[in-house]
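One structure is given below, encoded as structure tokens.
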Amino acid sequence: MSFQIKGWCPGALRPMRSGDGLVLRIRARGGRLLPEQSRVIADLSARLGNGLIDLTSRANLQLRGLDQAGHAEAITALDALGLLDDSPAAEARRNVMLSPVAPVDGPAWHLAAELSRRLTAPDAPDLPGKFGFAIDEAAPVLSEAPADIRLIPKGTGWHLHPEGADWHLPAADPAQDALALAGWFIAQGGVSAGRGRMRALIAGGTRHSDAVPGGLPAPAPAPQPGPLAQGRLLGFAFGQITAAQLAAITAPIRLTPWRMLLLETPEKVRIPGAIEAPGDPLLRSHACTGAPACPQARAETRELARTLAPLAASLHVSGCAKGCAHRGRAAITLVATGPDRFDLIADGTTADPPLACALSRIDLASRLAQWRAHDAPI
Ligand code: SF4
């Protein structure tokens, strides 16, 4: 394995260094930004960063390309907007994803606030940095997003679903009970050297003594750009938005883990470069940051993905075998092995054996075009 596994996520108070400078992650409360907050974030990105903002798979925003002085100035501005926690530890524990379509001020909204408050309290369980909670819908919309404990409304209460389990726990006090389940995860040995995920613990056969049979409910259809009851969804290729695009949005925003923003407005909003049409090939394409921004990348990824996206039923271009942009399968997965060399995996992930190795960009374009014409690998 030639890439590093860090085991923690960047925050605002604890940024991560990348090839293009510091990465500063903003965890908006309830995943919602008011227009004034968006405007300031766009300004910080344009003035202090490189003008590129990531929409992460945990429904957060990441400013990129800051230096130390820029980070300090950004922190002051974000604090004034109420977007920071009291400490890096509290920030790291507040991994709570709320359904983007949950009504503002509704029961799920208040549950997210209460769970966040308890997770940032001094006596909160000492959970691994990537351990997270998802507060979802009765027909889940966050099933594909990373989480370790999923809270699903059921009747007048909630069910707690540990990730990967075919059982659940009914919860009378969902915030308290979710923390108790997190404590159970620790007590069962789910954490080793500060790392650990619920799925791995459950896969080992560990089961709660109060477990009730029944896994997650069937998910809702995958969201697509366009109108929703709550507003309009706009997509952004590879989950990246520019400062100028963000500045052009004047409605409140709900962040999503779908590489889309939900704009709380019934109006049609034109943002240059945004994806408005369902079925756009870029929506079924993944590409990580790649070179030069990621120091582990062997090649540029996103321009190649834009070129090849129309040729593949689904595409994942990865700058190295770590596969940050997409953990699941894709019809075509490309893993960079050199500046113009890629291994090609058919119907698999970056961890699967390649069908062909060391292909150049020209080789790939021609191979995928022929493949598409014959509707089969050739
Ligand atoms: S998958 Fe991409 S972003 Fe992740 S470490 Fe490798 S090159 Fe960097």
> Measuring from centroid to centroid over Cα atoms, what is the spacing of the stretch 290-315 and the stretch 210-272 in Å?
Replying inline: 23
> Distance in nm between label sites at residue 270 and residue 173, each 7 Å beyond Cα in the beta-carbon direction?
Replying inline: 5.4
>> Give the separation of the Cα centroids, the stretch 54-87 to the stretch 148-191, in Å.
In response: 30
> In the Gaussian network model of the chain, springs joining C-alpha atoms below 10 Å, which of 185, 238, 133 carries the largest mean-square fluctuation?
Replying inline: 185
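Sum up the lysine pairs in the chain that clear both bars: alpha-carbon distance under 27 Å and a spacing of 8 or more or different chains. It would help to have the intermediate numbers written out before the result.
Numbers: 6/130; 6/322; 130/154; 130/322.
Taking the Cα cut-off of 27 Å, the pair count is 4.
Arranged from highest to lowest average of other beta-carbon atoms within 10 Å per residue, in what order do the peptides 171-177, 204-210, 24-30, 140-146 appear?
Values: 171-177: 17.1, 204-210: 11.1, 24-30: 22.0, 140-146: 19.0.
Ranking the peptides 171-177, 204-210, 24-30, 140-146 by packing returns 24-30, 140-146, 171-177, 204-210.
For the chain, what relative contact order do you get, as a whole percent, if you take Cα pairs closer than 8 Å and at least 6 residues apart? Mind dumping the intermediate values first?
Numbers: 787 pairs, mean separation 52.7, N = 378.
Computed value for the chain: 14 percent relative contact order.
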> With the chain treated as a Gaussian network of Cα nodes joined by springs under 10 Å, which of 69, 108, 178 yields the largest mean-square fluctuation?
Replying inline: 69
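Percent relative contact order of the stretch 144-201, based on C-alpha pairs within less than 8 angstrom and at least six residues apart? Kindly include the intermediate steps, with their values, before the conclusion.
Working: 69 pairs, mean separation 16.3, N = 58.
About 28 percent, as a whole number.
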> Under a 5 Å amide H to amide H cut-off, with H placed in plane at 1.01 Å, what residues pair with residue 134 once short-range neighbours are removed?
Replying inline: 97, 148, 149, 150, 151
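Relative contact order for the stretch 281-374 using alpha-carbon pairs under 8 Å, separation at least 6, rounded to a whole percent? List each step's numbers first, then the result.
Working: 207 pairs, mean separation 20.7, N = 94.
Value for the stretch 281-374: 22 percent.
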> Ranked highest first by the average count of other Cβ atoms within 10 Å around their residues, in what order do 39-49, 311-321 fall?
Replying inline: 311-321, 39-49
> Helix-derived [θ] at 222 nm for the chain: sum -39500 (n - 2.57) over DSSP H runs of at least 4, divide by residue count, nearest 500?
Replying inline: -7000 deg cm²/dmol
>> Among 147, 243, 220, which one shows the highest mean-square fluctuation when the chain is modelled as a Gaussian network with alpha-carbon springs under 10 Å?
In response: 220
> For the stretch 244-250, in order, what is each residue's ³J(HN,Hα) by Karplus, 6.51 cos²θ - 1.76 cosθ + 1.60 with θ = phi - 60°, in whole Hz (x at glycine and Pro)?
Replying inline: 5, 5, 5, 5, 7, 8, 10
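A short reminder: the numbers here are calculations on the coordinates, not readings from a lab. Worth saying up front: this structure is predicted, and the values here are computed from it rather than measured. Because the Cβ atoms are built from the backbone with ideal geometry, glycine has one as well, and the counts that use them run over all protein chains shown.
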